[in-house]
Amino acid sequence: MSNRSDSQEGKLDLAARAAWLYYIGGKTQDQIASTLNISRPAAQRLVALAVAEKLIKFRLDHPVANCMELAQRLLDRFGLAFCDVVPSDPSEPEALGGVAISAGTWLEHYALQTAPVVLALGTGRTLRAAVAEVSPMSRPQHKIISRVGNMTRDGSASAFDVVMRLADSIGGQRYPMPTPVVADTEEERSLLQSQRPFQVLRDLAAQAKATFVGIAEIGWGAAMHRDGFITDAELADLSEKGAVGEITGWAFDENGRVLDGSINERVVSLPLEQPANGLVVAVGNGSGKVVPIRAALRGKLITGLITDELTARTVLDA
């Protein structure tokens, strides 16, 4: 059993990433610093650490090497601005822990900045787990906003709304969306979107430094259906129209085309831009996420992705 602490292992992971970028990716130290959000001297030290720890031989002798290669392939194939692939757990291929830790690390990276930052969030189980990984701090200058409603149509609150959780953790300003995910009628949606809180969210979303969203499949028992945001009839209609996934309530087909009609006429969430504008990072992994992730990449609904090795490989192998 290793005697290394979690912090030491984390530093070695970062050193392995820096070494992969330098020796295999052919990146300069300035490029490595930009990719990993560290200083140039820190990048230089990490590469030196990888050599000192004998992570560098004829090949990069660390599990993260395969992940870095997969991330680079996703970046190249789909023109992403950002991609992080974490190792999968062979014994628990559906486990979201590693992906949640990575997403939490990036959320914390933005939260640690001293200049005011606007972060926009979707919702879901993985994002909730990611927020739990963020260290407590005091950043009252930051604004955490929601892109999606936080209740079902009967008024019950979503168990997976993450805006309040993250804002509480970092001491930031809270901007939840006090609406259902899907309205009963188009008229109700228009009324809700005409209210000042929605207009404020729309304006703040345009200023977001980064957006992190969950991504889910469309199918019987999938998140939107299981959690009571859509009915059996609405699910059947989506399936008939070819929906394979959803982001913040917006349903899309296998080519990443946001569907006309169906519940999309009544979704109250902020618009899902196509192509996505700015850094929009989907967070998710598992067999049920492969099809929606692939579709979202094809349709350029996202510009960033955090997933695991098995999911990334399956997405690329299609």
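Residue by residue through the range 253-270, what is 3J(HN,Hα) from phi via Karplus (6.51 cos²θ - 1.76 cosθ + 1.60, θ = phi - 60°)? Round to whole Hz and write x for glycine and proline.
8, 5, 9, x, 8, 5, 5, 7, x, 6, 5, 4, 6, 10, 5, 8, 4, 4
Please report His109, His142, His225 as a ranked list, fewest other C-beta atoms within 10 angstrom at the top and most at the bottom.
The fewest-first ordering by Cβ neighbours comes to His109, His225, His142.
Give, as ranges by residue number, the residues of the range 156-173 whose backbone N falls under 14 Å from the point 7 Å along Cα→Cβ of Met137.
Inside the label zone: 166-173.
Checking the cross-link filter: which lysines have an alpha carbon closer than 30 Å to that of Lys54, excluding same-chain neighbours under 8 positions apart?
Partners found: Lys11, Lys27.
Counting pairwise Cα distances across the range 6-62, what percent come out greater than 13 angstrom?
52 percent
Quick one: Trp220, Trp20, fewest Cβ neighbours within 10 Å first, how do they rank?
Ranked by crowding around the Cβ, least crowded first: Trp220, Trp20.
Given just the C-alpha atoms of the range 153-290, how large is their convex hull per residue in cubic angstrom?
123 Å³
Express the C-alpha Rg of the range 67-317 as a ratio against the empirical globular expectation 2.2 N^0.38 Å, rounded to two decimals.
This ratio for the range 67-317 stands at 0.95.
Where Rh is the Kirkwood radius over the Cα pairs of the range 168-209, the temperature 25 °C and the viscosity 0.890 mPa s, what D in µm²/s does Stokes-Einstein return? Walk me through the intermediate numbers first.
Details: Rh = 11.8 Å.
The calculation lands on 208 µm²/s.
So how strong a dipole does the range 6-62 carry about its Cα centre when Lys and Arg Cβ are +1 and Asp and Glu Cβ are -1, to the nearest 20 debye?
In total the dipole reaches around 200 debye.
In nm, to one decimal, how far is the Glu188 label point from the Ala157 one, both placed 7 Å along Cα→Cβ?
Once both label points are built, they end up 2.1 nm from each other.
Once the dipole of the range 219-308 is set up with Lys and Arg at +1 and Asp and Glu at -1 on Cβ about the Cα centre, which of Val244, Thr303, Ala233 lies farthest towards its positive end?
Thr303
Tell me, in nm to one decimal, what length is gained between Leu75 and Gln113 on full extension, where the rule is 0.36 nm per residue of separation less the Cα-Cα distance?
Extending this stretch completely gives an extra 11.1 nm.
Springs between alpha-carbon pairs under 10 angstrom, Gaussian network model over the chain: which of Arg73, Arg226, Arg139 fluctuates most?
Of Arg73, Arg226, Arg139, the Gaussian network model singles out Arg226 as fluctuating most.
If the cut-off is 16 Å between C-alpha atoms, which lysines fall inside it for Lys209, apart from same-chain ones fewer than 8 positions away?
Lys143
Restricting to the chain, compute how many DSSP beta bridges are antiparallel as a %, nearest 5.
Expressed as a percentage, antiparallel bridges in the chain total about 30.
Label-point separation (nm) for Ala52 and Arg174, each offset 7 Å from Cα along Cα-to-Cβ?
Those two pseudo-labels are separated by 4.5 nm.
How would Met177, Met151 line up from fewest to most surrounding beta-carbon atoms within 10 angstrom?
Ascending Cβ contact count within 10 Å gives the list Met151, Met177.
Since every read-out is calculated from the coordinates, none of them should be taken as a lab result. All values derive from a computational prediction rather than experimental measurement. Backbone-built Cβ (ideal geometry, glycine too); neighbour counts: all protein chains shown.
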